[in-house]
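To start, the structure under review is shown below, and the notes come after it.
Only the coordinates and a few stated rules stand behind these numbers; no lab work does. Everything quoted here is computed from the prediction, not taken from an experiment.
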Amino acid sequence: MIGGARQPREYGPPPVPPSHQGCAIRSVRVQLPAQRGELRDRHEDGHHLHHLVWRLDPSLRVCSSAVLGGGIGPRAWILNAQVPGGYPRLDPDRHLAEIAAAEGLTGPGAGLMTAADVAAYTTGHDDGVTATVTTGLGVRGWAAAPESATHAPHRPGTVNIVVTLPTALSDAALVNAVATATEAKVQALLDAGLDCSGTPTDAVCVAAPEPGPDGGEPFAGPRSAWGARIARAVHTAVLAGARTAR
């Protein structure tokens, strides 16, 4: 694959440079159980890979730590793309933009990346909340680590979490939902018998409707109504993924 200078952008995929145009990506729909995401199949540089795509309703907005389109705002789609182990590119945002373009995705979106087998995704559901997780734990460890550990190269093993829910959340509650999902992830990893809090490249996306005049639900901590549902759905999905990925 071809590396290049990364051009951070706040919204939407960056334009695909001429050196990347014509990248051999072939997308074919694969059956996925009823949920908002679609599992897709592609061939890229001799690798057979998968990605999950959420084509979101215009009324939704996303809070995420995604490498492409992270932050809080309206997003038309979410992409969770598998890449080969030993990922060589230095421009993951552009790579995700290429995959999004091959899918015909337009408008602002959020793109996640992982070396985990995306086809082995797991899900959790709780009273309207759906959590979809891809679990790669080859480079797992603890968040608070010695300074020497922070200088090691980080491969995209990655636990990626995408949460969708039908109720609007305030800005603060959206951020709280990401924290709640992360707490539930760590709980699930410990319940799976793993001595870690995750991987250095874990990412979370939470998609919820835009709030109306009432401002949306003000809380999404684990003891709030919607936060508790998020926590249970994420715990179910991560626990199932961790038990098969370990």
- For the range 95-148, what's the relative contact order in percent, using C-alpha pairs closer than 8 Å and at least 6 residues apart? 25
- Name the long-range amide H neighbours of Y87: under 5 Å, sequence gap of 5 or more, or other chain; modelled H, no Pro or chain starts. none
- Message: I'd like the distance separating the alpha-carbon centroids of the range 50-66 and the range 196-244, in whole Å.
- Response: 14
- Query: Once you sort the root eigenvalues of the Cα gyration tensor of the range 81-127 as a ≥ b ≥ c, which label holds: rounded (a/c under 1.5), prolate (a/b larger than b/c) or oblate (the other case)?
  - Reply: oblate
- Message: For a test of the definition: using alpha carbon positions, the gyration tensor, and the 1.5 limit on a/c, classify the range 35-80 as rounded, prolate or oblate.
- Response: oblate
- Message: So if I take the centroid of the Cα atoms in the range 163-185 and the same for the range 89-135, what is the distance between those two points in Å?
- Response: 18
- Query: What number in nm² do you get for the range 154-246 if you take the convex hull of its Cα atoms and divide its surface by four?
  - Reply: 6.0
